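Worksheet: one structure, shown below.
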Amino acid sequence: HYCKQNGRHNFLFYTPDMNQYHDYRITIEGDLREAISRNELHLNYQPKVNVKTGFISGMEALVRWNHPEKGFISPGEFIPLAEETGLITQVDEWVLKEACRQNQEWIEDGYAPERVAVNVSANEIQRTDFADKVRRILDETGLAPQFLEIEVTENSVMQNTDQCIRTMQDLKALGVSLSIDDFGTGYSSLSYLRKFPIHYLKIDQAFIKGVLHDPSDSEIVKVMIQLAEAFKLEVIAEGVENEEVLHFLIENGCDYYQGYYFSKPLPPEEMEKSLVKKQSY
Ligand code: C2E
Ligand code: CA
Ligand code: CA
Ligand code: CA
């Protein structure tokens with residue numbers, strides 16, 4: 001079984017002095033509580049690109065926190081904290097609303113519609129009312145369900161799996177797309193993968209980074225692409241940083257990619273420039 005640590009559960013501010021660390025966490029937790037109302041959270045958008053055509057085929061919304069004193073705090077740091085404290089419910093709801101609102105605005109402004117993908121934490125996908133919440137947000141923002149995608153990590157759907165499958169089925173019935181994120185780092189078995197009503201597998205960047213120099217990574221990625229094909233899923237590679245890796249993906253039949261090679265996550269004004277204006281008549 002292959003398992004790579006992608007680092008999202010390792011605290012970046014770890015210090016041997018645990019008291020100091022504890023204080024830091026308490027401060028951040030209190031600040032995060034107010035961050036939403038104080039308008040400190042923002043979304044960046046990273047394009048998803050069709051490997052064969054090179055055209056954009058959607059985007060992923062990634063949350064950013066600009067703290068008034070501490071400056072930029074990365075989601076790799078505050079999302080795990082939000083998950084532990086339960087604040088993640090508010091964070092994920094804000095992200096979902098904002099991504100849907102922004103995407104609907106782009107559509108109304110005459111851009112060719114693209115799907116926006118939103119990351120959802122384990123706690124949220126396991127809630128019995130999650131699909132209802134998504135339906136309500138789609139209603140409120142006016143976004144059609146086919147322009148929303150939900151990304152859930154492989155590990156999060158392996159806890160409380162039956163409930164997750166029900167939620168995923170409800171989301172699918174709504175018309176929302178589903179991706180399994182960080183694929184390859186978790187503990188799902190093939191028999192479960194078959195039961196998940198998903199559309200995309202996202203290969204974790206830990207494997208993508210190694211395809212050129214680590215033979216086991218390149219084999220794993222090839223197998224994951226074949227697996228996706230066998231299960232009639234589309235497959236997306238994350239963390240593509242150069243042309244050589246893109247060539248590897250082209251040769252091996254990967255469908256989509258994301259990564260710095262095409263674009264970093266962009267503020268909305270920048271993302272907008274990458275969208276195509278529909279012809280006006
Ligand atoms: P993720 O969902 O696996 O997102 C991919 C991460 O890789 C993002 O980091 C993205 O900026 C980064 N990335 C994209 N392309 C490249 C590349 O070519 N090279 C490298 N080195 N990195 C690349 P980010 O934005 O810091 O987010 C980290 C994690 O935080 C995400 O991992 C996700 O698990 C979580 N996260 C981000 N936004 C949200 C959110 O709105 N809600 C929840 N629940 N989690 C979020
Ligand atoms: Ca506008
Ligand atoms: Ca993701
Ligand atoms: Ca990842």
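Solvent-accessible area of the chain (1.4 angstrom probe, protein heavy atoms only): carbon and sulfur portion equals 49 percent.
Around GLU40, with a cut-off of 15 angstrom between Cβ atoms, what is the net charge of the other residues, counting Lys and Arg +1 and Asp and Glu -1? All intermediate terms of the calculation are to be shown ahead of the outcome.
Numbers: positive: ARG33, ARG38, ARG64, LYS70; negative: GLU29, ASP31, GLU34, GLU69, GLU77, GLU98.
It works out to a net charge of -2.
Suppose we take every Cα in the chain and form the convex hull; what volume per residue is that in Å³?
Details: hull volume 41.0 nm³, N = 281.
With only Cα atoms used, the chain gives 146 Å³ per residue.
Remark: accessible surface ordering of THR89, THR128 (largest first) is THR128, THR89, probe radius 1.4 Å. Per residue, the solvent-accessible area of segment 14-153 (1.4 Å probe, heavy atoms of protein chains only, all protein chains present) comes to 44 Å².
Let me check I've understood the local charge: for ASN66, count other residues with C-beta under 15 angstrom from its C-beta, Lys and Arg +1, Asp and Glu -1. What total comes out?
Working: positive: ARG38, ARG64, LYS70; negative: ASP31, GLU34, GLU40, GLU69, GLU77, GLU98.
Here the charged neighbours net out to -3.
For segment 27-57, backbone nitrogen atoms closer than 19 Å to the point 7 Å from LYS277 Cα along Cα-to-C-beta are found at 56. Only lysines eight or more places from LYS52 in sequence, or on another chain, were considered; those with a Cα closer than 26 Å are LYS202, LYS209, LYS222, LYS232, LYS264, LYS273, LYS277, LYS278.
At a threshold of 8 angstrom on Cα-Cα distance, excluding pairs fewer than six apart, so keeping six or more, what relative contact order does the chain reach in percent?
19
Summing charges over all other residues whose Cβ lies under 13 Å from the Cβ of GLU149, with Lys and Arg as +1 and Asp and Glu as -1, gives -1.
The values are calculated or read from the model by the stated rules, or taken from the named source; none is laboratory data. All values reported here derive from a predicted model rather than from experimental measurement. Please note: Cβ atoms are built from the backbone with ideal geometry, for glycine as well, and neighbour counts cover all protein chains shown. Just the protein is used for accessible areas: all its heavy atoms, side chains included, with ligands, DNA and RNA removed. Shrake-Rupley method; radii C 1.70, N 1.55, O 1.52, S 1.80 Å.
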